[in-house]
1. What are the residue pairs meeting all of these: first residue in region 38-57, first residue free of Cβ contacts under 8 Å to residues at least 24 places away in the same chain and surrounded by fewer than 15 Cβ atoms within 10 Å (Cβ to Cβ), second residue not in a helix (DSSP H, G or I) and not aliphatic (A, V, I, L, M), Cβ atoms under 8 Å, and 6 or more apart or on different chains?
2. Name the residues in region 2-33 that are outside any helix (DSSP H, G or I), within 12 Å of the chain's Cα centre (by Cα) and surrounded by 11 or more Cβ atoms within 10 Å (Cβ to Cβ), would you?
Amino acid sequence: MQRVLLAIAYCMPDVGYCQGMNFIASVLISVTESEQQGFIIFMYLLISKEMKPLFLPVSVSCSAPLLDYNERLWTFVGRA
């Protein structure tokens, strides 16, 4: 798995390694039973399925929904 994560960080230096990538990589490697296939699928997801912005620093595409979820959660907890 370490080789897959290092290869992704090398191929996408603007992304590098981010928390959570290890979980995705481990699932892909387990399912495909191959580090090479896991790497190819992970790169496909990052590039073709536009998952790359989720791993960029201060992801705008992710922050707005998370802030909304956080606000709703605290509203719910406050009422409980």
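Each value in this text was obtained by applying a stated rule to the coordinates, not by laboratory testing. Bear in mind the structure is a predicted one, so any value in this text is a computation, not a measurement. With ideal geometry, Cβ positions are generated from the backbone for all residues, glycine too; neighbour counts draw on all protein chains shown.
1. Cβ pairs passing all conditions: P53/S59.
2. Within region 2-33, V15, G16, Y17, C18 meet the criteria.
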